[in-house]
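Worksheet: one structure, shown below.
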Amino acid sequence: MEPQTVDYLVIGAGPAGLQLGYFLDRAGRNYLILEAGNAPGSFVQTFPRHRRMISINKPHTGHDGPELTLRWDWNSLLSDDPELRFTRYTGRYFPDADDYLRYLNDFATTHALKIRYDTRVVEVARPRIDGDGPGGFVLTDASGRRYRARRVIAATGFTSPYIPPIPGIETAERYVDVPIDPEGFTDQRVLLIGKGSSAFETADRLTERAAVIRIAGPSSIRFAWRTHFIGHLRAVNARFLDTYQLKTQNSVLDCTIKRIERRADGRYLVAVDYLRR
């Protein structure tokens, strides 16, 4: 079976893939977007786990100019349709991720973007050009279908979580699949490894139910208001620090995790090496 041939093939129908698809479509290019999930934004279907985004959404700016208002609209994709602004979907300053999923689906549907869902790319190859051969790229999906393209753009974002090389780390729960209902953590002692947004987001969610929460890692906390990088810890997820400073049993530890041992009763024994004594 001959591979389907396009000029541009985009892997991933998240915000970046949809935006690129929009401009390729408007320019009359021959393109196709391949998406592993069953809808746009499959990453947002899972993350953030507790569903509150940290990209701001500000419908009320006191300005009318569309380009100026985009300075405080961190979620909308660019298009010629003024109705397709995320600020029309919710007024929450830190929006819910499910509202963003609705927006991405509407963006793809309204512009009739060429997307093939449930198509996971498993191989990208670049055959050697012989004589006047077509060259370019050949992609294969999980079902064995092949696609040929002159240009391939990977718009997949983060594809796998970082797992630190700690002995016993495989016994710990991961952010990607830990239960998000805080009831299951009632009266428990919880250790969160890492000092990024996901750790503090989880700690904030569990504060009302867990007995003790400790956030541990060897590096200092990077605050967004100091580094001016929006991916570092934002104030919206930093409320946990209030519980630490006011000595309500919670704490932030500067330490290296040496090993993790899960005992027969389900509890953990974690060995640490403190960086400051």
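The values are calculated or read from the model by the stated rules, or taken from the named source; none is laboratory data. Just so you know, these numbers come straight off a predicted model, no measurement behind them. A quick note on method: Cβ atoms are made from the backbone with ideal geometry, for glycine too, and the neighbour counts reach across all protein chains shown. We work out accessible area using only protein heavy atoms, side chains counted, and drop any ligands, DNA or RNA first. Shrake-Rupley method; radii C 1.70, N 1.55, O 1.52, S 1.80 Å.
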Acute angle (nearest 10 degrees) that the helix 97-110 long axis makes with the longest principal axis of the chain, alpha-carbon atoms:
0
Computed E for A39/R174 - FRET, C-beta separation, R0 30 angstrom, nearest 0.05:
0.80
For region 1-93, which chymotrypsin sites (Phe, Trp or Tyr not before Pro) pass both filters: DSSP loop (anything but H, G, I, E, B) and at most 14 other C-beta atoms within 10 Å?
Y93
Going Cα to Cα from K258, which aspartates and glutamates come in below 13 Å? Please leave out same-chain ones fewer than 8 positions away.
D273
Nearest-0.05 FRET efficiency for F229 and R116, computed from C-beta distance (R0 35 Å)
0.50
Size of region 54-97 as Cα extents on the principal axes (Å, biggest first)
24, 20, 13
Against the longest alpha carbon principal axis of the chain, how many degrees, from 0 to 90 and to the nearest 10, is the axis of helix 197-206 turned?
50
Output ³J(HN,Hα) for region 236-250: one whole-Hz value per residue in order, computed from phi by the Karplus curve 6.51 cos²θ - 1.76 cosθ + 1.60 with θ = phi - 60°, and x for Gly and Pro.
5, 9, 9, 5, 4, 4, 5, 5, 6, 5, 8, 6, 9, 6, 6
Listed highest first by mean packing, meaning other Cβ atoms within 10 Å per residue, what order do 140-147, 234-241 come in?
234-241, 140-147
Using 0.36 nm times the number of residues separating F94 and Q188, minus their current alpha carbon distance, what extension gain do you get?
31.0 nm
DSSP beta bridges in the chain [antiparallel fraction, %, rounded to 5]
45
Could you work out the local net charge near A271, counting Lys and Arg as +1, Asp and Glu as -1, over the other residues with Cβ closer than 12 Å to its Cβ?
0
Two-site label geometry, V272 and Q4: point separation in nm, points 7 Å out along Cα→Cβ
5.1
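Give me the number: length gained by fully extending R263 to T109, i.e. 0.36 nm times residue separation minus the C-alpha to C-alpha distance, one decimal in nm.
Going from the current span to full extension adds 50.4 nm.
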For a test of the definition: using alpha carbon positions, the gyration tensor, and the 1.5 limit on a/c, classify the chain as rounded, prolate or oblate.
oblate
Could you please state, rounded to a whole Å, how far the C-alpha centre of region 150-191 is from the C-alpha centre of region 47-105?
26
Taking the alpha-carbon set of region 1-95, what are its Rg and Dmax in Å?
16.0, 57
Roughly how many Å² of R85 are accessible to a 1.4 Å probe, to the nearest 10?
50
K58: which aspartates and glutamates have alpha carbons under 13 Å from its alpha carbon, excluding same-chain residues fewer than 8 sequence positions away?
D73
Based on DSSP loop calls and a cut-off of at most 16 other Cβ atoms within 10 Å, the longest stretch of the chain free of exposed GluC sites (Glu not before Pro) is what?
84-172
Assuming 0.36 nm per residue, please report the length gained on full extension of the stretch F158 to K58 beyond their Cα-Cα distance.
33.4 nm
Pop out the ³J(HN,Hα) list for region 47-55 in order, Karplus 6.51 cos²θ - 1.76 cosθ + 1.60 with θ = phi - 60°, rounded to Hz; leave Gly and Pro as x.
10, x, 4, 9, 6, 9, 7, 10, 8
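Probe of 1.4 angstrom, ligands and nucleic acids ignored: what's the accessible area per residue over the chain, in square angstrom?
60
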Per the helix-only model, the chain has a calculated mean residue ellipticity at 222 nm (DSSP H runs of ≥4, -39500 (n - 2.57) each, divided over all residues, rounded to the nearest 500) of -5500 deg cm²/dmol
Answer with one residue from Y103, V44, S198: the one whose Cα lies farthest towards the positive end of the charge dipole of the chain, charges on Cβ with Lys, Arg +1 and Asp, Glu -1.
S198
Restricting to Cα pairs below 8 Å that are 6+ residues apart, what does the relative contact order work out to for region 1-73? Please round to a whole percent.
26
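What Kirkwood radius, in Å to one decimal, follows from the Cα pairs of region 215-277?
13.8
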In square angstrom, rounded to the nearest 10, how much accessible surface does K258 have for a 1.4 Å probe?
110
